[in-house]
Ligand SMILES: Nc1nc2c(ncn2[C@@H]2O[C@H](COP(=O)(O)OP(=O)(O)OP(=O)(O)O)[C@@H](O)[C@H]2O)c(=O)[nH]1
């Protein structure tokens with residue numbers, strides 16, 4: 001699991017259709033510029049690795065469609081961003097006026113602190129300019145944002161803008177990052193259950209692994225279908241009705257003979273038991289819940305019966321039952337969380353989408 005970077009951030013580009021978001025992104029990531037305008041449909045993303053303060057910072061930059069009709073899709077991405085680049089077109093007065101709407105939307109849909117900068121693009125089009133630099137600067141100052149005028153066409157200030165927002169995110173998350181770097185890899189190396197890695201823990205409770213056969217077999221199906229490009233990881237947890245009360249060495253046997261039984265063998269990695277809620281939440285789940293605070297398909301999903309609340313403290317982001325699922329993108333970025341009700345096999349279109357996007361990057 002050697003990583004090519006130390007930390008990964010998600011940035012988002014917002015602004016009216018045609019201001020040059022896709023062009024800036026292509027200039028930054030591929031050093032290319034196209035004079036034609038093909039409107040982005042929904043969202044797309046590209047990656048680039050920067051070196052900031054000696055750290056390799058991988059930025060995943062989401063390019064959103066500026067068109068109004070895609071707003072319900074693009075809004076879903078706001079809360080996942082650590083940095084936002086608001087873009088207007090210096091030759092288009094209304095794109096500048098609309099910045100306040102974009103900022104308002106972000107304030108409404110992004111509860112956490114997100115780093116933001118303002119960019120006036122197409123600065124090469126001097127004769128057509130409708131928005132003086134001073135006005136752009138004034139607006140940015142009123143929002144407490146840094147301001148850049150850029151040209152995707154001539155490559156003026158494009159690298160500088162993206163780098164600046166990445167620096168701001170890095171500064172804002174410095175202490176989290178210091179804690180997190182390495183912890184995931186160390187964990188993944190240590191605790192896989194399997195024939196070569198017998199589990200160390202002992203637990204005297206009785207043998208019963210109670211989960212749904214359907215979810216297990218669908219996980220096997222997905223792993224079998226994408227053997228090289230998808231890694232399924234299972235984390236047993238005994239916090240939901242004490243249903244996972246096998247000892248670690250028993251878990252694989254339980255799966256085979258008890259539930260789902262009928263000789264079931266997972267073709268994916270199953271880890272030692274861990275806690276996913278409460279004060280002993282494993283760092284992997286603390287991280288995932290922080291990045292994806294609730295399931296996409298059921299944002300209000302909570303534990304229904306208080307008798308099942310066997311951990312403390314209780315948080316709104318808690319995992320509500322076995323078989324909540326997290327899909328993590330090719331660069332390690334948490335992409336989507338699915339409720340226990342969401343059929344495991346129905347994650348496949350999202351997997352395919354991420355794989356397609358990766359092919360293009
Ligand atoms: N002169 C000039 N033209 C630019 C610049 N940036 C983008 N354009 C042109 O502006 C048009 C729109 O650019 P896009 O990058 O597709 O705009 P967008 O903001 O991604 O648009 P949506 O995907 O519809 O939201 C294209 O014809 C680009 O060639 C620039 O810096 N200077």
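The values are calculated or read from the model by the stated rules, or taken from the named source; none is laboratory data. Since the model is a prediction, treat every value here as computed from it, not as a measurement. Cβ placement follows ideal geometry from the backbone for every residue including glycine, while neighbour counts extend to all protein chains displayed.
Select from the stretch 97-140 the residues that are within 14 Å of the ligand (Cβ to nearest atom) and more than 30 Å from residue 173 (Cα to Cα) and list them in ascending order.
Scanning the stretch 97-140 gives 122, 123, 124, 125, 126, 127, 128, 129, 130, 131.
Among the residues of the stretch 152-159, are any at positive phi, touching a strand residue (DSSP E or B) at 6+ places or on another chain (Cβ under 6 Å), within 14 Å of the ligand (Cβ to nearest atom) and free of Cβ contacts under 8 Å to residues at least 40 places away in the same chain?
yes
Looking at the stretch 13-61 only, could you name the residues that are at pLDDT below 90, within 14 Å of the ligand (Cβ to nearest atom) and not in a strand (DSSP E or B)?
34, 35, 36, 37, 38, 39, 40, 41, 42
Do the conditions hold for residue 83, that is, is it closer than 30 Å to residue 357 by Cα, buried (at least 22 other Cβ atoms within 10 Å of the Cβ) and within 15 Å of the ligand (Cβ to nearest atom)?
no
In this structure, is residue 327 surrounded by 15 or more Cβ atoms within 10 Å (Cβ to Cβ), free of Cβ contacts under 8 Å to residues at least 40 places away in the same chain and outside any loop (DSSP other than H, G, I, E, B)?
Details: surrounded by 15 or more Cβ atoms within 10 Å (Cβ to Cβ): yes; free of Cβ contacts under 8 Å to residues at least 40 places away in the same chain: yes; outside any loop (DSSP other than H, G, I, E, B): yes.
Criteria met by residue 327.
Working only within the stretch 278-300, note down all residues that are buried (at least 17 other Cβ atoms within 10 Å of the Cβ), touching a helix residue (DSSP H, G or I) at 6+ places or on another chain (Cβ under 8 Å) and part of a loop (DSSP other than H, G, I, E, B).
281, 282 - these are the residues of the stretch 278-300 that are buried (at least 17 other Cβ atoms within 10 Å of the Cβ), touching a helix residue (DSSP H, G or I) at 6+ places or on another chain (Cβ under 8 Å) and part of a loop (DSSP other than H, G, I, E, B).
Here's the yes/no breakdown for (1) more than 20 Å from the chain's Cα centre (by Cα); (2) in contact (Cβ under 8 Å) with a residue 60 or more places away in the chain:
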| position | (1), (2) |
| --- | --- |
| 25 | no, no |
| 39 | yes, no |
| 46 | no, yes |
| 68 | yes, no |
